[in-house]
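Trainee: The structure is given below, and queries will be raised subsequently.
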Number of protein chains: 2
Amino acid sequence: MDHTPDIRRVDLDCLRGWHVDPDRMVADGVALPDVAAAARDVSTWDQWYAFWADRGEDYARQAEHSLGEGRQILAGELFWRACMAYHYAQFFWFHDPPMREAGQHRKAELYERAAPLLEPTALRFDVSVAGVSVPAYLRVPAGLLDGGRAPCVVLLGGLESTKEESYFFENECLRRGVATCAFDGPGQGELFFSLKLQAGFERFTSAVLDALVQRPELNSLRIGVLGRSLGGNYAVRSAAMDQRLAACAAWGALVDMSCWDQLDPDTRRAFAYVAGFEPDRLAEAGRFLDEVLDLRPVLSRVRCPVYVQHGALDRVIPVSQVEALVAGLTNASQVVVDIVEDGNHCVHNRYHLARPRLVDWIVGQLGGRV
Amino acid sequence: MDHTPDIRRVDLDCLRGWHVDPDRMVADGVALPDVAAAARDVSTWDQWYAFWADRGEDYARQAEHSLGEGRQILAGELFWRACMAYHYAQFFWFHDPPMREAGQHRKAELYERAAPLLEPTALRFDVSVAGVSVPAYLRVPAGLLDGGRAPCVVLLGGLESTKEESYFFENECLRRGVATCAFDGPGQGELFFSLKLQAGFERFTSAVLDALVQRPELNSLRIGVLGRSLGGNYAVRSAAMDQRLAACAAWGALVDMSCWDQLDPDTRRAFAYVAGFEPDRLAEAGRFLDEVLDLRPVLSRVRCPVYVQHGALDRVIPVSQVEALVAGLTNASQVVVDIVEDGNHCVHNRYHLARPRLVDWIVGQLGGRV
């Protein structure tokens, strides 16, 4: 048979040059045709934002149209697609803060439109920490286990992941009978405007926990935490400082910033940006981050079971951080290490195999179904 | 910012030269890393089958392992991934019938392993048509509408799509409260071994309907049919000949084989193969197909509402077939035409926008939730 490939060429991997992992995008629910169109049609970085913002507005229009027709399920999905398009519009757009911030606001607004239409609904609530309002979303599975009270997993974003980004991941928890709660902490998403990355992320997790343990649909004894990338650091710190957390999963290990000098320049600038440092104060930002992100002084306080998943080929956070993390978890009731030999950062390149393991572990710890 | 793409290059579109649409694969649930690996690692057609069969066996091993650990949800998903890998192994592998048939058998066997683990379960049943056993799977939504009886949509495959391939599409119907039933007709999947493509596909749909209307969990007055590609032809024929079908969706219009000479040579050979003709009898196969697939004599019998979705850029079945289809549907209670201007075959390149419209239409007609 003669099999002649088409002449049209799409190289998804060109996106990696812009810090965007096509596997991650698809794993989190971005449609492949959009990812491929970005790879094909965006030839220089300055076109990136407009490409995704246009997609976002197009989805938003279609969502409004679907809503007008009474098609709520589709409308919810389209508002969420619009939100995800803006998420990627502003992604790593740190050189142009006004545009990034406009994208971040639009993204949050679009998710707020999607939230009541998702199944199960994402219920918005805000908690106050030191006078600042922290935005969070709770989704509770329709069929409750455990006498009407669902376990819950608190999902933490990292350097540039936010509370709006976990819809697909949440769905995997929800179908196993576990509620999900995602919020923006300091330096993340909506909260970036009032608070930059700072010491004491656990205060924000604990404030959200204060609200969750009061909810009649949740089992307050079965609340866990799971954090992605830098969020893995926040998750472990939260578990160390708040013994109400019954299980902790680090989707990527990050014990300290000893890898600062090995980070690529854009990632260093991004860290500095979310911590409120100008690009010309990178060295200072590095020292600040080294101090506030150092987990070693608190690791021995973790008593709950911990799961750590890390890609051996991670080029952002070296796999050596796993060893340092495990070494310090001397009082955790259990430590499970899942190093994926051919996995990259957050194992996005094996998402279909690695994410279900993460989900199953935390769900299993909290008494959900696997 | 300096954005230098990685040196690794993956051109997904090279797959199209092998009749495989990467958008379709991802839309139907194949993991992007697998699709990308096929594009990267399979350099000649003769390596294709082994690549996917290896993936399939790897998933099957992981599924067994997960099952041994009591992780049923993941095991079901992995058996289904294994099944999909074999689906693509044997896809268009018509030049080597023994290997293709081995792949088809393994695929069916792996789906049978997945079936009881899927949520909701896929319940296998067989109906007899002229002494031949026709394999079907039924999935019923957990939360039943309508006083405990769910509407149901019967899903028909086409030239090389089969009853195992619709898991994601089924999930979209199920979450809207509509049951799904998929079966292999003559020339398709498991049934190919006993029956080749032939006149009277509607006999098989009707035999399956005979079984479905007896089921206590289904509403026998709310059963519709939806067919993909060549299955769109079968769906309309079924609706014409069996008035129990309350709605009909053609995911691609195919009224007759007047496009035979415009089909690419591999597709002609594939049609001939499933109809039981040797590759050297293509002209004869064309005349046979022209006769048995001609819908025009029965179109006026269709009374139920009909939805037709077609990509204006379809290079397999020309969009002109839509006009011929609609012209003949003189007695249908409603005809909705959804031509997607930038859509390709079955609008796979806009799957995230076009499929929800198909789903919403059929679900809406059958009384499900949208």
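Trainee: Hey, what number do you get for chain A at 222 nm if only DSSP H runs of n ≥ 4 count, each worth -39500 (n - 2.57), divided across all residues, to the nearest 500?
Mentor: -12500 deg cm²/dmol
Trainee: At residue A:116, label 7 Å along Cα→Cβ: distances to the other copies, nm, ascending?
Mentor: 4.5
Trainee: Shape verdict for chain A, please, from the Cα gyration tensor: rounded (a/c under 1.5), prolate (a/b greater than b/c) or oblate.
Mentor: Details: a/c = 1.39, a/b = 1.15, b/c = 1.21.
Note, shape of chain A comes out rounded.
Trainee: Then there's this: Mind checking which lysines have their C-alpha under 25 Å from residue A:196, skipping anything on the same chain fewer than 8 residues away?
Mentor: Residue A:196 reaches A:107, A:163.
Trainee: Counting heavy atoms of the protein chains only and a 1.4 Å probe, report the per residue accessible area for chain B as a whole number of Å².
Mentor: Values: 12890 Å² over 370 residues.
Per residue, chain B has an accessible area of 35 Å².
Trainee: OK, next. Kindly tabulate the residues in region B:69-90 with an accessible-area decrease of at least 30 Å² between the chain alone and the assembly of all protein chains, using a probe of 1.4 Å.
Mentor: Listed in order, they are B:71, B:73, B:74, B:77.
Trainee: Right, another one. Please report the antiparallel percentage of the DSSP beta bridges confined to the protein assembly as shown, to the nearest 5. List each step's numbers first, then the result.
Mentor: Numbers: 23 of 73 bridges.
Antiparallel: roughly 30 percent of the beta bridges in the protein assembly as shown.
Trainee: Continuing with the same structure: Using a probe radius of 1.4 Å on protein heavy atoms only, what is the accessible area buried between chains B and A, both sides summed, to the nearest 100 Å²? Display every interim value, and only then the final one.
Mentor: Working: alone 15240 and 15190 Å², together 25740 Å².
So the total buried area for this chain pair works out to about 4700 Å².
Trainee: Can you list, shortest first and in nm, the gaps between the label point of residue B:334 and those of its counterparts in the other copies, using a point 7 Å from Cα in the C-beta direction?
Mentor: Between copies, matching label points for residue B:334 lie 5.2 nm apart.
Trainee: Using a 1.4 Å probe on protein heavy atoms, which residues of region A:331-363 have at least 20 Å² less accessible area in the complex than alone?
Mentor: Listed in order, they are A:351, A:352, A:353, A:356, A:357, A:360.
Trainee: Which ³J(HN,Hα) values, rounded to whole Hz and listed in residue order, are derived for region B:119-124 from phi using the Karplus coefficients 6.51, -1.76 and 1.60 in 6.51 cos²θ - 1.76 cosθ + 1.60 with θ = phi - 60°, glycine and proline given as x?
Mentor: So the Karplus estimates, Gly and Pro as x, are 10, x, 3, 9, 8, 7 Hz.
Trainee: Separate question: Computed over the Cα atoms of the protein assembly as shown, what is the convex hull's projected area averaged over all directions, in nm²?
Mentor: Numbers: hull surface 119.7 nm².
It is 29.9 nm².
Trainee: Given a Förster distance of 25 angstrom, what is the FRET efficiency for residue B:331 paired with residue B:199, based on the Cβ-Cβ distance and rounded to 0.05? Each step should come with its number before you reach the end.
Mentor: On the way: r = 22 Å, r/R0 = 0.89.
My answer for the efficiency is 0.65.
Trainee: Oh, and also: How much of the DSSP beta bridge set in chain B is antiparallel, as a percent to the nearest 5?
Mentor: On the way: 11 of 36 bridges.
Roughly 30 percent of the beta bridges in chain B run antiparallel, per DSSP.
Trainee: Quote the relative contact order of chain A in percent (integer), defining contacts as alpha-carbon pairs under 8 Å separated by 6+ residues. Let's see the in-between values first.
Mentor: Details: 725 pairs, mean separation 48.0, N = 370.
Once normalised by length, the contact order is 13 percent.
Trainee: Leaving out ligands, DNA and RNA, what percent of the accessible area of region A:220-358 is carbon and sulfur, probe 1.4 Å? All intermediate terms of the calculation are to be shown ahead of the outcome.
Mentor: Numbers: 2630 of 5290 Å².
That share works out to 50 percent.
Trainee: Between region A:51-96 and region B:68-110, how many Å separate their Cα centres?
Mentor: 36 Å
Trainee: Looking at region A:267-370, which trypsin sites (Lys or Arg not before Pro) are in a loop (DSSP not H, G, I, E or B) and have at most 10 other Cβ atoms within 10 Å?
Mentor: Values: sites: A:268, A:269, A:281, A:287, A:301, A:303, A:315, A:350, A:357, A:369; in loops: A:303, A:315, A:369.
Filter output for region A:267-370: empty list.
Trainee: So which residues of region B:32-58 lose at least 50 Å² of accessible area, probe 1.4 Å, when you go from the chain by itself to every protein chain present?
Mentor: SASA drop of 50 Å² or more in region B:32-58: B:32, B:33.
Trainee: Quick check: net charge around residue A:84, other residues with Cβ under 11 Å of its Cβ, Lys/Arg +1 and Asp/Glu -1? The partial results should precede the final answer.
Mentor: Details: positive: A:55, A:81, A:107; negative: A:28, A:34, A:77, A:164, A:165.
Here the charged neighbours net out to -2.
Trainee: Once the label point is set 7 Å along the Cα-to-beta-carbon vector, what list of distances in nm do you get between residue B:47 and its counterparts in the other copies?
Mentor: 3.1
Trainee: Still on this structure: Over region A:238-370, with a single point scatterer placed on each C-alpha, what log10 of the ratio I(q)/I(0) does the Debye formula yield at q = 0.17 1/Å?
Mentor: Debye intensities relative to I(0), on a log10 scale: -0.97.
Trainee: Now for a separate question. Relative contact order (percent) for region B:120-172, with alpha-carbon contacts under 8 angstrom and 6 or more residues of separation? The partial results should precede the final answer.
Mentor: Values: 38 pairs, mean separation 12.7, N = 53.
Relative contact order, region B:120-172: 24 percent.
Trainee: Accessible area of region B:106-168 with a 1.4 Å probe: how many percent of it is carbon plus sulfur?
Mentor: 52 percent
The values are calculated or read from the model by the stated rules, or taken from the named source; none is laboratory data. If you're wondering where the values come from, they're calculated on a predicted model, not measured in any experiment. Positions of Cβ are generated from backbone atoms using ideal geometry, with glycine treated the same way; all protein chains shown enter the neighbour counts. For accessibility, only protein heavy atoms count, side chains too; no ligands or nucleic acids. Shrake-Rupley method; radii C 1.70, N 1.55, O 1.52, S 1.80 Å.
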